[in-house]
Amino acid sequence: MGEQYLRARVSPEFRGPRQRPAPGPAGTLLLGLGERVPRGMFVAAHRGGTMAAPSARCLWRALAPRCGWVLPGLEQRLAVPAVVSPVTSRPYAAAAAKTAKKDAKSSRHEKVKEKVREKPLPRRRPLMSKPVDDVYLTWLYRRPSYGLEQAVAMLKRFQELDFTHPKQFVYINVFLDMALQKKKKVEPFSSGVSLPHRFTDEVNKVLVFTENEQEAEVAREHGAAIVGGVELIKWILEDEIQADFYVAVPAIIPKLIPLRNKLKKKYPSTRKNSLGSDIPKMVQFFRECHQYSVEGESVIKTRIARLDMPSEHIIANLKTIIHDICTFKPSNVDPIVQRLVIRSSTSEGLQLNLDGILPQVEKVEEKEEEKAGDEDQQKPAQESVST
């Protein structure tokens, strides 16, 4: 009792989890669970104990003649076939699955594109030119365009029918084409223009940069709100001083470089007529000028007059602003003004016909070119006659 029969085992590397190898010299046969001893030979050992040396020697003598029978079988049973682990092959499988997904996705996109191409576009009903009845659906007809005199008269008539304020402002919305040649475009700009007929008593706030006491005194006499030199830079950067327009003399302009990023479009420059030596003229112009700027990328919204002004004054102010806008794009390309809408504070917008409103620069250039061509044709004729 208390004994356990153990089966002989040859390889020490193939041990079960519950086996405890028997100590012995190197090369001796070890015992453990899992291998069968030749028929009729069993060895007894105490549980948890060790085998005695005599017993081990006797067992070795008994098994030595049959080592050729025991060991080959054990080697065959202990041989493990070489199997590729799924872990090592996983990256290759993942890459293959990824490419397969991409191919399927691209094929799906191509099918969707083909369906979209094959799908016929909805046929849009052509817009009609002029409505017959007084009540009609506006989206079925083209937007009518009016002449400038007719549109101003309609605005005045709307005011009478609606009983609105007669001194309301008149506005224009100018839609611009900012594209130039070779994928370039006109940058958004702002400008001031002196209108022939003023429609408000508001006066712009003008700041004059100068270090000359006599020039400063002249600027104050002509209505400059703020006059000073380099000491104003700190206050402007800290937003303590603000003005509608900034004017400077050439002598002080190198010292105003810190204000370039702050003032941006309002920075004094000769192109905007805000840099020069004629202080009285500059101050008077900027105090009374009308300012406008491009909103977004290609729209100008500004007021031009009051509705109670004579129609001629309204038309003159509108043409002055449009002509100033056209100066920001070269005349050898398409005109910058693409569409023009006029309205009052309480009325709907009326689209204007641009004929007679835009400057006639292009036609003059065409006539000059035609004249030059005619002269070139006449010269060889005269030379042939002289010969």
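The values are calculated or read from the model by the stated rules, or taken from the named source; none is laboratory data. Just so it is clear, the structure is predicted and the values come from calculations on it, not from any experiment. Glycine also receives a Cβ, built like all others from the backbone with ideal geometry; neighbour counts cover every protein chain displayed. To get the accessible areas, we keep the full protein, side chains included, count just its heavy atoms, and leave off ligands, DNA and RNA. Shrake-Rupley method; radii C 1.70, N 1.55, O 1.52, S 1.80 Å.
So here's what we get for this one:
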read-out: Which numbered condition ALA305 fails, given (1) open to solvent by 20 Å² or more (accessible area, probe 1.4 Å); (2) farther than 22 Å from GLU213 by Cβ; (3) aliphatic (A, V, I, L, M); value: (1)
read-out: Out of VAL174, VAL208, sole residue that is at pLDDT 95 or above, outside the structural domain of LEU307 (by the TED database), open to solvent by less than 20 Å² (accessible area, probe 1.4 Å) and in contact with a helix residue (DSSP H, G or I) (Cβ under 7 Å, 6 or more places away or on another chain); value: VAL208
read-out: Any hit, the range 135-144, residues being at pLDDT 90 or above and either of a type in the set (D, E, K, R) or in contact with a Ser or Thr (Cβ under 6 Å, 6 or more places away or on another chain) (or both); value: no
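Condition check ((1) under 28 Å from GLN159 (Cα atoms); (2) without any contact (Cβ under 8 Å) to a residue 60 or more places away in the chain) across all residues:
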{"residue": "VAL283", "(1), (2)": "no, no"}
{"residue": "ILE304", "(1), (2)": "yes, no"}
{"residue": "GLU312", "(1), (2)": "yes, yes"}
{"residue": "ILE315", "(1), (2)": "yes, no"}
{"residue": "LYS319", "(1), (2)": "yes, yes"}
{"residue": "PHE328", "(1), (2)": "no, no"}
{"residue": "VAL341", "(1), (2)": "yes, no"}
{"residue": "SER345", "(1), (2)": "yes, no"}
